[in-house]
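Down below is the structure, laid out as structure tokens.
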């Protein structure tokens, strides 16, 4: 067994499933017992070409995808808690019914603005008298952690300047406008009528702040999800 019988009440995680968000400690009496629960992102090496005589493989990821592709990362939480020994079997059954095989979002106490997403597995349940332990694992979580962004701008014909922050993953924002507008981003100027739009010319690049100028009499809402390693 990889569980060691030790757990702390100093670190917790919020788990969102089926639209409901739970706290591991306050809702289930569970604390995180390990410190290495977030695995490293796994790079996709299927685009490496090994050429005889060349000491380094050729990586076609940049030319094909515009950068390195990441496949997944593993989340491996060791949960521990104390309860009446007679309650543990029904408790772990309820935990499995609630989370096993379902897509969840994890918000860790140590990094609460960001969340990790993937399908959960419950592993290695064991108990000794009042102490129970088990693994809450996402074997193939999204390689990126995520943060939701929502910006609301009231603009006029004179124009409004905004700066959009972005992390590692490129993203195309969703733009909802109540009237006709133009958005200037660098050398691109895009015209939009009232409605909700996504335009590849307005992609937010990796690890860079992007300035837009929005002109038109409208209320504009910009939504996007940042992805960070």
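Stokes-Einstein D for the stretch 158-229 at 37 °C, 0.692 mPa s, Kirkwood Rh over Cα pairs, in µm²/s? Write down the numbers at each step before the final one.
On the way: Rh = 12.4 Å.
In µm²/s, the coefficient rounds to 265.
Assuming a ≥ b ≥ c are the square roots of the Cα gyration tensor eigenvalues, decide whether the stretch 101-141 counts as rounded (a/c under 1.5), prolate (otherwise, with a/b larger than b/c) or oblate.
Working: a/c = 3.73, a/b = 1.62, b/c = 2.30.
Cα axes put the stretch 101-141 in the oblate bin.
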Practice task
Round to the nearest 0.05 the FRET efficiency obtained for residue 163 and residue 117 when R0 = 30 Å and r is the Cβ-Cβ distance.
Solution key: 0.65
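Using Cα pairs closer than 8 Å and at least 6 residues apart in sequence, work out the relative contact order for the stretch 13-143, in percent. Let's see the in-between values first.
On the way: 247 pairs, mean separation 36.5, N = 131.
Relative contact order, the stretch 13-143: 28 percent.
Could you work out the relative contact order of the stretch 162-229, using alpha carbon pairs under 8 angstrom and six or more residues apart, expressed as a whole percent?
Details: 154 pairs, mean separation 34.5, N = 68.
Once normalised by length, the contact order is 51 percent.
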Exercise for the section: Express in nm, to one decimal, how much length is gained between residue 187 and residue 102 on full extension, taking 0.36 nm for each residue of separation and deducting their alpha carbon distance. Expected result: 26.2 nm
Practice task
For the chain, with a Gaussian network of springs between Cα atoms less than 10 Å apart, report the residue from 218, 120, 157 with the top mean-square fluctuation.
Solution key: 157
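Is the stretch 124-198 rounded, prolate or oblate when judged by the Cα gyration tensor, a ≥ b ≥ c being the square roots of its eigenvalues, rounded requiring a/c under 1.5 and prolate requiring a/b larger than b/c? It would help to have the intermediate numbers written out before the result.
Numbers: a/c = 4.12, a/b = 3.35, b/c = 1.23.
Prolate shape, in that a/c is at least 1.5 and a/b is the bigger ratio.
What relative contact order, as a whole-number percentage, does the chain give when Cα pairs under 8 Å and 6 or more residues apart are counted? Intermediate results must be reported in sequence, preceding the final value.
Working: 524 pairs, mean separation 41.7, N = 229.
Relative CO of the chain lands at 18 percent.
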Handout entry: 11 Å reach of a label modelled at residue 196, 7 Å along Cα-to-Cβ, counting backbone N of the stretch 206-229
Key = 223
Exercise for the section: Taking only Cα atoms and a 10 Å spring cutoff, compute GNM fluctuations for the chain and point out the largest among 47, 209, 11. Expected result: 47
Practice task
Within 10 Å, count the other beta carbons around each residue, average over each peptide in 95-108, 166-179, and list them highest first.
Solution key: 166-179, 95-108
Fill in the blank from the handout: Checked the stretch 28-165 against the a/c 1.5 cut and the a/b vs b/c comparison, axes a ≥ b ≥ c from its Cα gyration tensor; verdict oblate
Fill in the blank from the handout: Cα extents of the stretch 83-153 per principal axis, largest first, Å, are 56, 21, 18
Practice task
Could you check which residue among 24, 126, 93 shows the biggest mean-square fluctuation in a GNM of the chain with a 10 Å Cα cutoff?
Solution key: 93
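Bear in mind these aren't lab numbers, they're just calculated from the coordinates by the rules spelled out. From a predicted model like this one, the values you see are computed outputs, not experimental measurements. Here the Cβ is made from the backbone with ideal geometry for all residues, glycine too, and neighbour counts use every protein chain on show.
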